[in-house]
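The values are calculated or read from the model by the stated rules, or taken from the named source; none is laboratory data. Please read these numbers as outputs of a predicted model, since none were measured by experiment. Reconstructed Cβ throughout: ideal geometry from the backbone, glycine too, with neighbour counts over all protein chains shown. Quick note on the areas: whole protein, heavy atoms, side chains included, nothing else; ligands and nucleic acids left out. Shrake-Rupley method; radii C 1.70, N 1.55, O 1.52, S 1.80 Å.
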Amino acid sequence: MNSKEKTARVPTALFLLLVCLCLAAVFVARSADMAAPTSDWPQWRGPERNGISRETGLLKQWPTAGPKLLWQVNDIGDGFSTPAVVGTRIYVMSNRGMENEFVQALSTQDGKPIWTTRVGNVGNPNQNPPYPKARSTPTVDGDSIYALGSDGDLACLETGSGKIRWQKSLRQEFGGKPGEWAYAESPLVDGDVLVATPGGAQATIVALNKKTGALIWKSAVPDGDPAGYASAIVVQAAGRKQYVQFLSKGIVGVDAKTGEFLWRYKEVAKGPAQAFTPVARDEYVYGGALGMGGGLVRLKQNGASVPAEQVYFKRGLPNGFGGAVLVGDYLYGGEVTDHLLAVEFTTGKVMWTTENIGMASLAYAEGLLYVHDANGAVALVEATPDAFRERSRFTPPAPPQHKKEGDYAERAYAYPVIANGRLYIRDLGSLWAYDIKASR
């Protein structure tokens with residue numbers, strides 16, 4: 001090789017080395033981004049659909065008047081829907097009247113609307129108690145949003161514009177049967193699959209292609225349960241990946257690949273409404289019977305079947321509309337008769353109970369429970385089985401008025417949302433954003 005050839009090859013080698021180093025840096029950065037825990041709240045009950053945020057560096061106590069209020073809006077429309085928060089946008093469902101139920105994107109900066117898309121009518125307008133409203137939380141997945149209207153209108157929308165990509169009617173296309181208070185489910189996205197619960201004998205639970213809405217399978221669950229008001233979760237137990245859902249006649253599990261019915265737990269269907277999203281860990285699944293109590297089953301593998309063996313059912317355990325969170329070995333949740341409890345998950349042993357907080361919904365972050373009382377107050381409570389310890393409490397300013405018709409009044413049913421150092425609280429047409437980051 002002569003000197004000219006050597007001189008020509010040196011820059012080429014350096015160039016290739018630099019290209020390789022740059023590609024490696026990009027790969028490492030992308031891997032780090034993929035591995036980093038998200039601070040978004042992209043769906044019902046947060047990133048893992050269990051009410052738990054992995055965010056850190058949050059305030060451990062609030063001022064008497066509450067954390068710093070960033071903004072409040074009072075005109076997002078009626079409804080009980082909990083927001084989803086991704087990046088700089090809030091996605092929520094609301095309604096104006098009975099013929100306009102919609103998905104709305106709001107700015108996290110000031111709560112102002114970015115786009116609004118109607119998905120259908122409000123379902124079962126003659127329900128009793130008479131508070132027909134939007135109820136579901138949208139599910140954000142990449143550049144798509146999946147939303148279920150209370151009348152069974154399931155839609156996939158673009159996050160950027162709100163344009164509908166595809167839409168189906170659970171009633172018309174699957175013979176869906178909701179309960180008295182219409183549909184309240186928040187759709188589940190699992191990989192390329194979208195899971196929804198039409199209810200009824202033909203297609204009690206369905207799996208759809210999330211990109212096209214095409215049917216993958218439909219599961220005709222025995223007894224043809226009408227849909228409940230809970231949302232499905234993914235459970236890996238007894239050697240099977242399952243979708244677990246609370247229907248009107250009990251909690252059921254179906255095979256995630258085929259929709260094959262696997263098991264049912266009837267005890268928790270004793271309450272008047274099946275609204276408690278199940279809580280699961282390993283082979284255990286917990287559910288609450290509204291106003292009655294709570295029960296735990298253990299899923300066992302027995303050949304091709306999956307028997308659900310009851311571990312306990314006890315009165316007074318978490319069962320309210322506000323669900324429960326599992327932190328360590330203990331379950332924290334509300335009881336519909338207005339008190340909060342801490343319970344040992346695998347035994348049902350009550351560690352403490354308090355009547356200082358009424359019927360409430362919960363979320364958890366960094367050792368603390370964020371509790372939204374159905375009467376509107378917000379509390380910060382230590383997530384410890386030792387004793388009930390309240391750190392802070394405040395009531396958001398200028399709350400909406402709750403109507404009362406008959407024996408039951410409207411309540412603040414929306415769950416608290418923790419996202420990117422903020423706490424979002426919704427009550428009917430009002431939405432508050434609080435700064436709960438300790439470092440700011």
message: Can you find, within the range 324-352, the residue that is farthest from Thr395 (Cα to Cα) among those that are free of Cβ contacts under 8 Å to residues at least 60 places away in the same chain and polar (S, T, N, Q)?
response: Thr347
query: What strands (runs of 3 or more DSSP E) completely inside the range 290-338 contain at least 2 residues that are open to solvent by less than 20 Å² (accessible area, probe 1.4 Å)?
result: 293-299, 324-327, 330-335
field: Filter result (open to solvent by less than 40 Å² (accessible area, probe 1.4 Å) and closer than 23 Å to Trp71 by Cα) within the range 386-395
entry: Ser392, Phe394
task: Just name the residue that is nearest to the chain's Cα centre (by Cα) out of those in the range 331-356 that are among the aromatic types (Phe, Trp, Tyr) and within 24 Å of Ala377 (Cα to Cα).
output: Tyr332
query: Residue check: is Glu355 of a type in the set (D, E, K, R) and within 25 Å of Phe394 (Cα to Cα)?
result: yes
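Give the residue, chosen from Ala398, Ala409, Ala383, that is on the phi > 0 side of the Ramachandran plot and open to solvent by 10 Å² or more (accessible area, probe 1.4 Å). Outline the logic, then answer.
Values: Ala409 fails: on the phi > 0 side of the Ramachandran plot; Ala383 fails: on the phi > 0 side of the Ramachandran plot.
Only one candidate passes the filter, namely Ala398.
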message: Every residue in the range 177-195 that is more than 24 Å from Arg49 (Cα to Cα) and surrounded by 19 or more Cβ atoms within 10 Å (Cβ to Cβ), please.
response: Lys177
query: Within the range 412-440, which residues are open to solvent by 20 Å² or more (accessible area, probe 1.4 Å), more than 22 Å from Ala324 (Cβ to Cβ) and not in a strand (DSSP E or B)?
result: Asn420, Ala438, Ser439, Arg440
Hits in the range 361-375 - residues which are modelled with pLDDT of 95 or more and open to solvent by less than 10 Å² (accessible area, probe 1.4 Å): Ser361, Leu362, Ala363, Ala365, Leu368, Leu369, Tyr370, Val371, His372
- request: Taking Val343 as meeting all but one of (1) in a strand (DSSP E or B); (2) over 22 Å from Asp223 (Cβ atoms); (3) out of contact with any Asp or Glu (no Cβ under 8 Å at 6 or more places or on another chain); (4) open to solvent by 20 Å² or more (accessible area, probe 1.4 Å), write down the number of the exception.
  value: (4)
message: Can you go through Thr56, Thr116, Thr82 and tell me which one is of a type in the set (S, T, N, Q), more than 30 Å from Pro132 (Cα to Cα) and either in a helix (DSSP H, G or I) or modelled with pLDDT of 95 or more (or both)?
response: Thr56
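Hey, could you check the range 349-360 for residues that are closer than 19 Å to Asp329 by Cβ and not aliphatic (A, V, I, L, M) and say which is most open to solvent (accessible area, probe 1.4 Å)?
Narrowing the range 349-360 to residues closer than 19 Å to Asp329 by Cβ: 349-353.
The next check asks that each one be not aliphatic (A, V, I, L, M); those that pass are 349, 352-353.
Numbers: Lys349: 115, Trp352: 19, Thr353: 80 Å².
Going through the qualifying residues, I end up with Lys349.
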message: Among the residues of the range 87-103, are any of a type in the set (Phe, Trp, Tyr) and in contact (Cβ under 8 Å) with a residue 40 or more places away in the chain?
response: yes
query: Could you count how many residues in the range 236-252 are more than 22 Å from Tyr330 (Cα to Cα), touching a Lys or Arg at 6+ places or on another chain (Cβ under 8 Å) and open to solvent by less than 20 Å² (accessible area, probe 1.4 Å)?
result: 3
Residue match in the range 144-156 (condition: surrounded by fewer than 20 Cβ atoms within 10 Å (Cβ to Cβ) and assigned to a strand (DSSP E or B)): yes
statement: By residue number, the members of the range 196-228 that are open to solvent by 10 Å² or more (accessible area, probe 1.4 Å), farther than 14 Å from Glu173 by Cβ and of a type in the set (D, E, K, R) are Lys210, Lys211, Asp223
query: Looking only at the range 141-174, which residues are touching a residue at least 24 places away in the same chain (Cβ under 8 Å) and on the phi > 0 side of the Ramachandran plot?
result: Gly152, Gly162
- request: Please determine, by comparing only the residues of the range 66-91 that are in contact with a strand residue (DSSP E or B) (Cβ under 6 Å, 6 or more places away or on another chain) and of a type in the set (Gly, Ala, Ser), which one is farthest from Ile425 (Cα to Cα).
  value: Gly77
